[in-house]
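Notes follow once the structure below has been shown.
The values are calculated or read from the model by the stated rules, or taken from the named source; none is laboratory data. Since we're looking at a predicted model, the values are computed, not measured. Glycine gets a Cβ as well: all are built from the backbone with ideal geometry, and neighbour counts include every protein chain shown. Ligands, DNA and RNA are stripped out before the accessible areas are found, and what is left, the full protein with its side chains, is counted by its heavy atoms. Shrake-Rupley method; radii C 1.70, N 1.55, O 1.52, S 1.80 Å.
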Amino acid sequence: MAKVAADQKNPDSSDRVKNAAKKRKKEQTSDQPSLAQLLKKQRGVAADTPAPPIWKDKLGRAFLTPDDDQNAFDECLKTSFKGFYFDIPSSLPQTIHQTFDLCFEGLERGGLFLYDVVQPGKKKLTQTSVTRTLVGDPGSTYKYLGLRLFSHPWVDVDANGNALHLDKAKQLGSSLERLGYSSRTAAALIAMGRVNKDLTDRSMQKLRQHVSAKPVGSAEFNLTLVNKMESVSAKRDLKREAAYNMGKTSVGWHRDSGLKDFSSIAVYQKQKSQGSNTSKPFGVALRAMDGGAGGPLPSVPALMAPLPSGSLYYMLDDFNHNHEHAVIAGDDGVRYSSTHRVAREGQGTWQYIRDKMQNFQSTATMFDWSVGEVNDPTLSPKKRKHKLVSRLRNQEALLSEIEFEWLRQWFVQGHKHAKLHPYWHDPIKVLIKSFCALEETTVQIIKLLKEASKRGETETEDLCETLFDVLIESFTERNNKRKEWARRYKDPIFRDLAENERPFACPCLDRVAKKESDDLLSPDLELSIRVLRELRSAFVSSDEQGEGMDDAKDDKSKSKKDKKKKTKKSTLTNKEKKKVASNWNAIKSKISG
């Protein structure tokens, strides 16, 4: 996928075409700002959202339910929880209930509900208390608590993984079956995409009816996180809700993350009770927050809404910014919920990373490998250096993005997860192939730097010490992240999981470490970093010798100690040298002070 052909004659022609196209597109859309741009300009961002109006309970109760005090509950909901609305089951068309029943059953039969191993606050790994699965636009993902969820497509797809809209009813789901989904599961996924349109329409109606803010956030849902929650009787290790003593929680207090600012959320819930009618049902808890970045408002009581099975509730516009919600577990049975959202699409889709890899011009396209020089005589030496450094920096950044945002996120979730997501099998293969191609180019660059440092060919104007710096800094950052992921893979939490639910090896990342060779980078980049530092030192030393031969002849009295200091300093990147100098100045100021 990555364009690494070394014999490309004019690598800049495609760049000029793309830049011209981008310029034309920018000029065409300059007079038509997007909804996101309008919202940011007129209403700021999520963190800028002000706190909701205050409603105080005269009795000072920590939380309210309609059973305790219907009037107080309604007044508080209307004042401090504007944006939360719900439709009772009888107000919804029967087709919506029937479709969701089909979806939940099909996803359950397909075995798509899985526990997630997440890392809240980049600290201890923990397993979720609910099982869930992601369904949405083809190629969409959703990242939360350090874990990227890969979606199942809710429409048919073509060979490139893009949405394919079929006209004939008999054909619906046929492409999903060819990928490997069963006919029942494919039908459930297609049905979820169909009912998502209904929820989008109903959410837009609610926005027009209840939200006066202009402009209003989006309700064009592009994915749904479908949860399956077990009751207190079935799952004994549920945590107790400590802030208001509401009972045990299936999902703790949170705001939904990774969504477009001011976008709405629609949630359909279905409860299957196995006990008597007197059993406590699952409930949705709400609490007001002190703005988009603040904590809970202590003066406003929380609310607990025991919504009946088959309810559809909405969190409209900025409600998710200045409120948190939780799910209080019921006494028995199971609760399914389909939470339809408008996820940020930017860097979290297969189409984004695919197109980025396809369009990326690696450093390989700039070189005539036979002579080790940039093959673009139209650029000045200074511009050639700048372009090469920039291209290499972008190449290393793309390598890190592919590894840590995509491949690691896939392989950490185990063979079972991989088998259940057939849509992603080809994309993962492409990601692996692109990573290998880009890494091979990096190895070629290191070879050029190695030869240049040996020969002392400082007259080769295309190579400079900044290239060493880019690789040293990129490798150091990547190696540190690999150590973090190695610790994550070895976390004790995985010992309690089935073998097919544990992390498994990625062919290009987790190969057996070998001695550094001319053709392969070791997975442990420590050796590569040491080699690059040594090469940098030799390159810089030869450069200085070439520039100052006469000075060197007259300066034979320099001590070996001074030369060692110089050599050590030349192994540091320019950024590291500045840091050392800055630290020394800070120490001197403390001493003098």
> When the accessible area of the range 382-464 is computed with all protein chains present and a 1.4 Å probe, what percentage of it is carbon and sulfur?
Replying inline: 51 percent
> Of the peptides 132-140, 484-492, 407-415, how do they stack up when ordered by the mean number of other Cβ atoms within 10 Å, highest first?
Replying inline: 132-140, 407-415, 484-492
> With r defined as the distance between the Cβ atoms of Leu164 and Thr378 and R0 fixed at 30 Å, what FRET efficiency is calculated, to the nearest 0.05?
Replying inline: 0.10
>> Given N residues in the range 101-201, what is its alpha carbon radius of gyration divided by 2.2 N^0.38 Å?
In response: 1.18
> Over the range 168-253, how many percent of alpha carbon pairs lie in each 10 Å bin up to the one with the longest distance?
Replying inline: 13, 24, 23, 30, 9, 0
> What accessible surface, in Å², does a 1.4 Å probe find on Leu164, ignoring ligands, DNA and RNA and rounding to the nearest 10?
Replying inline: 60 Å²
> For the range 32-123, which semi-axes, largest first and in whole Å, follow from the square roots of 5 times the eigenvalues of its Cα gyration tensor?
Replying inline: 32, 27, 20
> Ignoring any ligand, DNA or RNA, what whole percent of the accessible area of the range 199-291 comes from carbon and sulfur when the probe is 1.4 angstrom?
Replying inline: 44 percent
> Can you pull the percent of the range 51-135's accessible area that's carbon plus sulfur, 1.4 Å probe, other chains left in place?
Replying inline: 52 percent
> So if we plug the beta-carbon distance of Lys579 and Lys490 into 1/(1 + (r/R0)^6) with R0 = 25 Å, what FRET efficiency do we get, rounded to 0.05?
Replying inline: 0.20
>> Report the rotationally averaged projected area of the range 154-303 based on its alpha-carbon convex hull, in square nanometres.
In response: 13.6 nm²
>> For the range 292-417, take N as its residue count and report Rg(C-alpha) divided by 2.2 N^0.38 Å.
In response: 1.84
> Averaged per residue, what accessible surface does the range 27-86 expose to a 1.4 Å probe, in Å²?
Replying inline: 69 Å²
> How much length, in nm to one decimal, is gained on full extension between Lys416 and Glu499, taken as 0.36 nm per residue of separation minus their Cα-Cα distance?
Replying inline: 29.0 nm
> Say each of Lys481 and Ala437 gets a label point 7 Å from the Cα, pointing the same way as Cα to Cβ; how far apart are those two points in nm?
Replying inline: 2.0 nm
>> Normalised by the empirical 2.2 N^0.38 Å for globular proteins, what value does the Cα Rg of the range 260-322 take?
In response: 1.38
> Can you give me the Cα centroid spacing of the range 464-479 and the range 175-227 in angstrom?
Replying inline: 44 Å
>> I want to verify the translational diffusion coefficient of the range 214-363 in µm²/s; compute it with Stokes-Einstein, Rh as the Kirkwood radius over Cα pairs, at 37 °C and 0.692 mPa s.
In response: 191 µm²/s
> Between Leu147 and Asp68, 0.36 nm times their residue separation minus their Cα-Cα distance comes to what?
Replying inline: 24.5 nm
> From the cross-link list Lys450/Lys483; Lys124/Lys483; Lys58/Lys78, which pairs have alpha carbons spaced over 19 Å apart?
Replying inline: Lys450/Lys483
> How much accessible area per residue does the range 168-254 have, in Å², with a 1.4 Å probe?
Replying inline: 51 Å²
